[in-house]
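Everything below concerns the one structure shown next.
The values are calculated or read from the model by the stated rules, or taken from the named source; none is laboratory data. Here the structure is a predicted model, which is why all the values come from computation and not from measurement. Ideal geometry is used to build each Cβ from the backbone, glycine not excepted, and the neighbour counts take in all protein chains shown.
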Amino acid sequence: MLTRLDLRGRTGDELVSALARPDADGGEGPLDAVREIIADVRKRGDEALRDLTARFDGVQLEDLRVPRGDLSYALAELPPGFREALEFSREQIMAYHRTQVEEETRHEREGIVIRNLVRPVDRAGCYVPGGRAVYPSTVLMTAIPAQVAGVPEIALCVPPGPDGTVPQATLAAAALLGLEEVYRVGGAQAIAAMAYGTETIRPVDVIVGPGNVYVTLAKREVAGVVGIEATAGPSELVVVADESAPADYVAIDLMAQAEHGPGGAALLVTWSESLAADVAEAIDRLLAESSRRADTEATLRSGGSIVLVDGPEQAMEVANIVAPEHLELMNADPEALVPLVRHAGAVFCGQFAPAAVGDYVAGVNHVLPTARTARFSSALRVANFCKHLHVVALDESALGRVTPYVAAFADTEGLEAHAKSVRLRGARK
């Protein structure tokens, strides 16, 4: 089922070429559709949202906002075991993200005093996917960093189900965090609504959260109007493993990523032919027991691979080329490979640290860069909801010292008023 790729003996550009992935954007068709949706929402507001929800989600909605009573009811009705899990996850995520809070700083040199102020945005938009699964965990992952940053207003958009409601578990997670703005809107239209605003949904300053190709493209289209954390798309996993890794552990972790659905990637990279054979057999066996077999099997057929390499160094070269959302190091000495990691969203070390723990309760964020954007992007973090303001102060003596330098730059650049703005002050003595 998994494509077998033998890269032993290959280096450099040969590896890059062998690991090339098809365009994740799906060509011009989806982009054209996304642009039409955004334009429609900007023009018709709530009316467009209702029409597009009927078209894509098959449900007629009058009220786009989830009533507050529905949120508190969902939390009250949670099974005790899941509520405990939600609360544990909330505390883990909150604790870790508090370590990311940046202190304001002060710097002084040559009489110039600079303070760096950190300020949250006024309003954040969080997108939580729907469709194939329910994602209360994504409510926590997107909203908690905004809360830690001090964002005063958070709007949450979630696609409605066929009955027009948002899943109870998702509402419960929102209620647990004290969120009050939850909207039954999904897809590119939700991104457009949060970016530009409608009669019901006021525009935000930052939009975060994962989604399908339409959501991803919509976020790209509105970037600049609002901030975005990245263009998170279908889930990805690379497992670097040797013969010490239990084949069932590797197989189930590959399946765990694949069950998210189409467009994802799940790769085993190994220098052990026996492990490669054992994992292929284990996947066939475990798939037969899976309730999500169709989605998982389809993703493994299109994006699943067993990659044979010469050894650990080449394995890490492959991993860095793929730049996966999740990277599991399941070899005899995983810590020895960590210094070789250059590009990955999150790294999980050892056979008892599956990516699924990071998805829910480790405390790290599960909104991670995909489609090889880990080359330049990072996990969602508190900084995505903050701005840095520079505050500069000089006394008269300091300005006198730097006036010749300011004037020299201004004269060279032909900006007469810039030079005069410092020379005038010096002339007042």
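A compact table of results
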{"read-out": "The lone exception for THR403 - which of (1) among the hydroxyl-bearing types (Ser, Thr, Tyr); (2) assigned to a helix (DSSP H, G or I); (3) modelled with pLDDT under 95 it fails", "value": "(3)"}
{"read-out": "Counted residues, segment 35-48 - those being in contact with a Ser or Thr (Cβ under 6 Å, 6 or more places away or on another chain) and closer than 13 Å to CYS157 by Cβ", "value": "0"}
{"read-out": "Pairs where the first residue, in segment 166-177, is under 11 Å from ALA76 (Cα atoms) and the second is of a type in the set (Lys, Arg), C-beta under 7 Å, 6+ apart", "value": "LEU176/ARG90"}
{"read-out": "Residue list for segment 228-256, filter: closer than 30 Å to VAL204 by Cβ and among the polar types (S, T, N, Q)", "value": "THR231, SER235"}
{"read-out": "Residue within segment 219-232 that is touching a residue at least 40 places away in the same chain (Cβ under 8 Å), of a type in the set (Asp, Glu), buried (at least 22 other Cβ atoms within 10 Å of the Cβ) and over 22 Å from ARG132 (Cβ atoms) present", "value": "yes"}
{"read-out": "Candidate set from segment 397-421 (those that are within 14 Å of GLY111 (Cβ to Cβ) and of a type in the set (Val, Ile, Thr)); member that is surrounded by the most Cβ atoms within 10 Å (Cβ to Cβ)", "value": "THR403"}
{"read-out": "Cβ pairs under 6 Å, 6+ apart, first in segment 280-294 and under 19 Å from TYR249 (Cβ atoms) and charged (D, E, K, R), second surrounded by 13 or more Cβ atoms within 10 Å (Cβ to Cβ) and modelled with pLDDT under 90", "value": "ARG292/GLU259"}
{"read-out": "Qualifying residue in segment 259-272 (condition: buried (at least 16 other Cβ atoms within 10 Å of the Cβ), farther than 27 Å from THR11 by Cβ, in contact with a strand residue (DSSP E or B) (Cβ under 9 Å, 6 or more places away or on another chain) and of a type in the set (Ser, Thr, Tyr))", "value": "no"}
{"read-out": "In segment 110-134, the residues that are modelled with pLDDT of 95 or more and either under 17 Å from the mean Cα position of the chain (by Cα) or crowded, with 18+ Cβ neighbours inside 10 Å (or both)", "value": "PRO120, VAL121, ARG123, ALA124, GLY125, CYS126, TYR127, VAL128"}
{"read-out": "Segment 341-351, residues that are surrounded by fewer than 20 Cβ atoms within 10 Å (Cβ to Cβ) and either among the small types (Gly, Ala, Ser) or farther than 19 Å from GLU236 by Cα (or both)", "value": "GLY350"}
{"read-out": "Selection count, segment 192-227, where residues are over 22 Å from GLY150 (Cα atoms) and in a helix (DSSP H, G or I)", "value": "13"}
{"read-out": "So THR216, is it assigned by TED's automatic domain parsing to the domain that holds PRO152, hydroxyl-bearing (Ser, Thr, Tyr) and within 30 Å of LEU286 (Cβ to Cβ)", "value": "yes"}
{"read-out": "Residue tally, condition surrounded by fewer than 20 Cβ atoms within 10 Å (Cβ to Cβ) and assigned to a strand (DSSP E or B), over segment 153-162", "value": "1"}
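Rundown of residues vs (1) more than 17 Å from the chain's Cα centre (by Cα); (2) of a type outside the set (A, V, I, L, M, F, W, C); (3) at pLDDT below 95, yes/no style:
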{"position": "ALA172", "(1), (2), (3)": "yes, no, no"}
{"position": "ARG184", "(1), (2), (3)": "yes, yes, no"}
{"position": "GLY187", "(1), (2), (3)": "no, yes, no"}
{"position": "ILE201", "(1), (2), (3)": "yes, no, no"}
{"position": "ASP205", "(1), (2), (3)": "no, yes, no"}
{"position": "ALA232", "(1), (2), (3)": "no, no, yes"}
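To keep it simple, each residue is scored yes or no on (1) in contact (Cβ under 8 Å) with a residue 60 or more places away in the chain; (2) assigned by TED's automatic domain parsing to the domain that holds ARG8; (3) farther than 21 Å from ALA247 by Cα.
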site	(1), (2), (3)
LEU308	yes, yes, no
GLY311	no, yes, no
PRO324	yes, yes, no
CYS349	no, yes, no
LEU368	yes, no, yes
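Residue by residue, here is whether (1) over 28 Å from ALA54 (Cα atoms); (2) assigned to a helix (DSSP H, G or I); (3) assigned by TED's automatic domain parsing to the domain that holds ALA356 holds:
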residue: ARG83; (1), (2), (3): yes, yes, no
residue: GLN92; (1), (2), (3): yes, yes, no
residue: ALA95; (1), (2), (3): yes, yes, no
residue: VAL113; (1), (2), (3): yes, no, no
residue: GLY125; (1), (2), (3): no, no, no
residue: GLY130; (1), (2), (3): no, no, no
residue: PRO145; (1), (2), (3): yes, yes, no
residue: VAL151; (1), (2), (3): yes, no, no
residue: ALA174; (1), (2), (3): no, yes, no
